[in-house]
Amino acid sequence: MKVILPVAGKGTRLRPHTHTKAKSLVHVAGKTVLEHIVERLLVLDVDQFIFITDENGQQIEAFMADKFPQLDCAYFVQQERLGPAHAVALASPAISAGDDVLVVFNDTIFVTDLTRIPQLCDGIDGLIYSKEVEDYQRFGVNVMKDGVIVDMVEKPDTPISRLAQVGLYYLKDGDGFMRAIEAAIEAGAKVKGEYYLPAVFMRMIAEGCKLGAPTISDWLDCGKPETLLETNRFLLEQSHVVEGEVEGSVIIEPVSIAAGARVEGAIVGPNVSVAAGTLVKESIVKDSIINTNSHVEDVILEGSILGDDVTLKGASRVMNIGDNSIIEMVG
């Protein structure tokens, strides 16, 4: 199996944090979004992880080399912003006849048992993972008949389907999938100037391809600050650990305090992630994410996200602060 991870994109909804780093390297629940995703893929027999990057590609390469040096990784740069299908198509040189392909987009962390792929794909050609939602008008949805997808509708006005596509796709014939993307691009199948995968899948369905739509257990959005905090809460409930130094403080679980972090004379939690190299001193922090090498002192924080190398001293606020910031509030 080859896994394609499109990690390009400006991540505008997560600014200011994505001004200085790739959006998949933002922290949540003690790890980067990318680390959470890759760890969920390790249950599979993956021959190669193929990353589609942008100008932040060196950050992704350095991260993977540090955290997952045992994995075979390839990198392709998306020079033009021409949409998700165009990004996936860039992996074509690494896909050979006989390869099956899993495509994983990085705005969400999925919760599902990927080892069931062979069982779920028995008798069909691929899987478009889905999540049943109430607010179907916000999503592209799969329309089913006899267990396979017969149509895909973008943001339907009526509840023709509540099965929202979640950005996780499996194709038995990876090489054929690449050819279908190429054909869609050659046909100019654009929406607002970009190429999207539903047009590719509908082309494949029209040619007789059978695609299922298994539902995932949870769909954790990491694309904007408020949903990143929601995902932080969810993941900390599943797994939390205190590895850093804690002195004269009250810890209200669930929290994640990384090795190399220090908490002094503070109340931390619930739902707080503190990354390595960070000091939290004489402060009250809850429902927040504090990234690496930051200094938080004499503040009350709730519902906040602080980037790397932030110094924040004094007063009670809700903060969304990017990397390399120094903020001192007096009075």
Checklist entry - What residues have an amide H closer than 5 Å to that of Phe139, excluding those fewer than 5 places away on the same chain, when H is modeled at 1.01 Å from N in the peptide plane? => result Lys155
Checklist outcome for this item: Diffing segment 128-141: the Karplus 3J(HN,Hα) column from phi (6.51, -1.76, 1.60, θ = phi - 60°), in whole Hz with x for Gly and Pro, holds 10, 4, 9, 9, 6, 10, 7, 8, 4, 5, 8, 10, x, 10
Next on the checklist: Give the lysines whose C-alpha is closer than 20 Å to that of Lys281, dropping any in the same chain fewer than 8 places away, or say none.
Outcome noted: Lys313
Checklist outcome for this item: Rounded to the nearest 5, the percent of DSSP beta bridges in the chain running antiparallel is 30
Checklist outcome for this item: Diffing segment 254-270: the Karplus 3J(HN,Hα) column from phi (6.51, -1.76, 1.60, θ = phi - 60°), in whole Hz with x for Gly and Pro, holds x, 9, 10, 10, 5, 4, x, 8, 9, 10, 10, x, 10, 10, 10, x, x
Checklist entry - Hey, how much of the P(r) for the chain falls beyond 28 Å, as a percent of Cα pairs? => result 45
Checklist entry - Could you work out the helix-only [θ] at 222 nm for the chain, with each DSSP H run of four or more residues adding -39,500 (n - 2.57) and the total divided by the number of residues, to the nearest 500 deg cm²/dmol? => result -6000 deg cm²/dmol
Checklist entry - What is the set of long-range amide H partners of Thr108 at a cut-off below 5 Å, with H atoms built 1.01 Å from backbone N? => result Cys222
Next on the checklist: How many angstrom lie between the Cα centre of segment 72-98 and the Cα centre of segment 247-313?
Outcome noted: 39
Checklist entry - Along segment 279-292, what does the Karplus equation 6.51 cos²θ - 1.76 cosθ + 1.60 (θ = phi - 60°) give for ³J(HN,Hα), rounded to whole Hz, x for Gly and Pro? => result 10, 10, 10, 6, 9, 10, 10, 9, 6, 8, 10, 10, 7, 6
Checklist entry - Where does the charge balance sit around Ala164 when Lys and Arg score +1, Asp and Glu -1, over other residues with C-beta under 12 Å from its C-beta? => result -1
Item to check | Reachable lysines, given that their alpha-carbon falls under 18 Å from the alpha-carbon of Lys155 and they are not under 8 places away in the same chain | outcome: Lys131, Lys190, Lys192
Item to check | DSSP-defined beta bridges in segment 123-237 - what % are antiparallel, rounded to 5 | outcome: 85
Next on the checklist: List the residues, sorted by chain then number, that are 5 or more residues from Thr311 or on another chain and whose placed amide H is less than 5 Å from its amide H.
Outcome noted: His295, Ser325, Ile326, Ile327
Checklist entry - Going by average Cβ neighbours within 10 Å, how do the peptides 97-103, 287-293 rank, with the highest at the top? => result 287-293, 97-103
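Readers should treat all values here as calculations from the given coordinates under stated rules, not as data from a laboratory. This is a predicted model, so every value here is computed, not measured. Cβ: placed from backbone, ideal geometry, glycine included. Neighbour counts: every protein chain shown.
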